[in-house]
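What follows is a set of notes on a single structure, which appears directly below.
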Amino acid sequence: MGFPERFLWGAATASYQIEGAVAEDGRGPSIWDTFSHVPGNTVHGDNGDIADDHYHRLDEDLDLMARLGLGAYRFSVAWPRVQPDGRGRPNQAGLDFYRRLLEGLRRRGITPAATLYHWDLPQGLEDQGGWAARETAERFAEYAEIVARELGEGIGLWITLNEPWVAAWMGYGTGRHAPGRSEIGLALAATHHLLLGHGLAIQALRGELGEEALLGITLNLAPVHAHGDSESDRLAQRLVDGNLNRLFLDPLFRGRYPEDMVEHYREKRPGLGVLREGDLETIAAPIDFLGVNYYSPRNVVALERVKDGVAPAGLAALAQRAESRASRDRPIAEELGAAEVWPLHLDTSAMGWTIEPEALTELLLRLHAEYGPRPLYITENGTAVNDYADPEGRVVDPERIAYLDSHLRAAQAAIEQGVDLRGYFTWSLLDNFEWSLGYSKRFGLVYVEYSSQRRIPKASFDWYREVVAASALPTTGAVAMEVQP
Ligand code: FCB
């Protein structure tokens with residue numbers, strides 16, 4: 001079984017999660033610096049001050065990418081390195097780091113895929129209202145123009161935003177992410193300004209780079225399944241789908257916000273009331289691809305069916321589990337009259353997320369049918385495992401190999417049904433700072449021993465190297481052999 005010719009095989013990271021060096025070469029503070037230094041916001045009080053020290057270990061990490069045989073590397077540019085307080089003249093010392101990265105990739109024949117915003121907003125802009133303020137969208141377009149002008153050459157894929165849902169709803173809705181604000185009305189305003197910022201940045205990038213450049217956006221998308229077929233379960237399903245998926249897909253690809261969402265959130269202030277004439281045309285300007293981050297689907301029931309945290313038979317209301325996604329998203333779901341539940345028969349990752357590869361096929365087919373056809377890239381997919389280095393110094397992670405294998409098969413099933421999927425980036429190249437969960441969750445193909453910064457490629461690294469080299473998956477038997485020495 002092969003993937004299409006010229007299928008792009010990649011791995012992804014993000015600036016704040018790996019770089020460290022937060023006060024070097026003129027970098028200004030970001031909202032994640034501020035947020036992670038407030039006690040109680042992250043597990044163990046972890047922060048990104050040092051992270052993977054990638055800023056100082058660039059060459060070593062580039063060599064790992066070459067060893068893996070990557071066709072492409074997705075990284076993000078830290079806005080506060082380029083504009084320390086989010087506006088004004090560019091900081092050349094900050095840009096130089098990315099010049100070295102791009103040069104290193106070029107020499108190794110790896111295509112750069114640059115994300116302009118992976119959540120590290122300059123604190124100076126947050127102080128003026130952050131994404132809840134319209135001005136941030138305008139500043140973002142200016143920043144995009146600077147990056148295009150200064151670093152543009154050689155970047156193969158441009159991604160304006162990473163997961164605007166998370167930035168808006170976790171950052172301004174539940175407060176579990178930076179900047180830690182928690183009002184649904186602000187999350188809606190942030191949603192609109194992020195999308196507007198995307199649209200304005202597309203104009204700026206087009207102007208600077210021309211028609212040839214490949215421009216897109218990355219969304220976190222997932223099928224939402226109703227468990228139960230009462231009218232109230234189905235309504236909960238539709239609203240959660242509206243919030244997570246359609247609130248972003250519809251303005252981007254249909255030039256309008258979904259009616260049920262506009263109706264549901266009508267009373268929230270400032271909410272979508274921040275929308276001005278012409279904004280939707282800006283947001284819906286044509287792009288060249290959609291980036292999809294997929295980890296697991298959502299399973300929901302009507303909130304009224306979950307009594308005192310106890311779910312219907314066969315389901316667990318893991319909403320109580322401190323680290324699960326459900327607890328972080330809970331206020332958003334509850335406001336929609338929904339509760340997230342976990343079918344008991346399904347495996348979960350170290351994040352507590354269910355593992356359902358078929359849902360990836362379902363998602364890709366839906367995007368193709370309802371919002372396409374258009375070129376798609378999976379810009380993140382991967383899993384957290386409780387990895388450890390054994391006494392021989394090996395990190396053996398059969399769970400990750402099985403996860404990647406099953407999800408790549410699911411992607412292939414979608415391709416066989418006509419989906420125009422052009423590439424796959426696994427999350428992540430390196431173990432890294434997993435936001436409010438700090439260093440407690442490991443997603444990398446490469447294990448990082450944080451105290452020494454030693455890198456140890458995991459068994460999944462060797463497995464992925466073979467997949468990339470062959471542009472094909474091994475037979476099922478070979479997978480089993482690999483993980484059971
Ligand atoms: C995504 C983020 C990425 C990483 C993975 C696990 O939501 O884009 O930075 O944290 O989840």
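Overview of values
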{"read-out": "Unmet criterion (only one of (1) without any contact (Cβ under 8 Å) to a residue 60 or more places away in the chain; (2) within 16 Å of the ligand (Cβ to nearest atom)) for L125", "value": "(2)"}
{"read-out": "Filter result (of a type in the set (D, E) and either farther than 22 Å from A359 by Cα or over 23 Å from the mean Cα position of the chain (by Cα) (or both)) within segment 216-259", "value": "D229, E231, D233, E259"}
{"read-out": "Segment 208-235, residues that are more than 17 Å from V166 (Cα to Cα) and within 16 Å of the ligand (Cβ to nearest atom)", "value": "G216"}
{"read-out": "Count of segment 1-49 residues which are at negative phi, surrounded by fewer than 22 Cβ atoms within 10 Å (Cβ to Cβ) and free of Cβ contacts under 8 Å to residues at least 60 places away in the same chain", "value": "6"}
{"read-out": "Among residues of segment 459-485, those that are at pLDDT 95 or above and either within 16 Å of the ligand (Cβ to nearest atom) or not in a loop (DSSP other than H, G, I, E, B) (or both), counted", "value": "13"}
{"read-out": "Among residues of segment 396-454, those that are farther than 30 Å from V38 by Cβ, of a type in the set (D, E, K, R) and surrounded by 24 or more Cβ atoms within 10 Å (Cβ to Cβ), counted", "value": "2"}
{"read-out": "Sole residue being of a type outside the set (S, T, N, Q) and modelled with pLDDT under 90, chosen from A284, A316", "value": "A316"}
{"read-out": "Filter result for A51 (farther than 21 Å from D85 by Cα and under 21 Å from the mean Cα position of the chain (by Cα))", "value": "yes"}
{"read-out": "Selection status of R455, under 20 Å from R74 (Cβ atoms), away from the ligand (no atom under 16 Å from the Cβ), modelled with pLDDT of 95 or more and touching a strand residue (DSSP E or B) at 6+ places or on another chain (Cβ under 7 Å)", "value": "yes"}
{"read-out": "Test result for S327, within 29 Å of F35 (Cβ to Cβ), at pLDDT below 95 and within 16 Å of the ligand (Cβ to nearest atom)", "value": "yes"}
{"read-out": "Any strands (runs of 3 or more DSSP E) falling wholly within segment 348-452 and containing at least 1 residues that are closer than 24 Å to N299 by Cβ and either within 12 Å of the ligand (Cβ to nearest atom) or within 15 Å of the chain's Cα centre (by Cα) (or both)", "value": "376-380, 421-427"}
{"read-out": "Residue that is in contact with an Asp or Glu (Cβ under 6 Å, 6 or more places away or on another chain) and either in contact (Cβ under 8 Å) with a residue 12 or more places away in the chain or of a type in the set (S, T, Y) (or both), where the choices are Y439, Y424", "value": "Y439"}
{"read-out": "Residue in segment 338-356 that is out of contact with any helix residue (DSSP H, G or I) (no Cβ under 8 Å at 6 or more places or on another chain) and modelled with pLDDT of 95 or more present", "value": "yes"}
{"read-out": "Test: residue in segment 170-181 that is over 22 Å from G438 (Cα atoms), charged (D, E, K, R), surrounded by fewer than 20 Cβ atoms within 10 Å (Cβ to Cβ) and more than 16 Å from the ligand (Cβ to nearest atom)", "value": "no"}
{"read-out": "Residue within segment 406-414 that is in contact with a His (Cβ under 6 Å, 6 or more places away or on another chain) and either within 23 Å of E5 (Cα to Cα) or among the charged types (D, E, K, R) (or both) present", "value": "no"}
{"read-out": "Residue in segment 303-311 that is surrounded by fewer than 22 Cβ atoms within 10 Å (Cβ to Cβ), at pLDDT 90 or above and either of a type in the set (S, T, N, Q) or away from the ligand (no atom under 16 Å from the Cβ) (or both) present", "value": "yes"}
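The values are calculated or read from the model by the stated rules, or taken from the named source; none is laboratory data. No experiment lies behind these values; they were computed from the predicted model shown. Quick reminder, even Gly has a Cβ in these numbers, built from the backbone with ideal geometry, and neighbours come from all protein chains shown.
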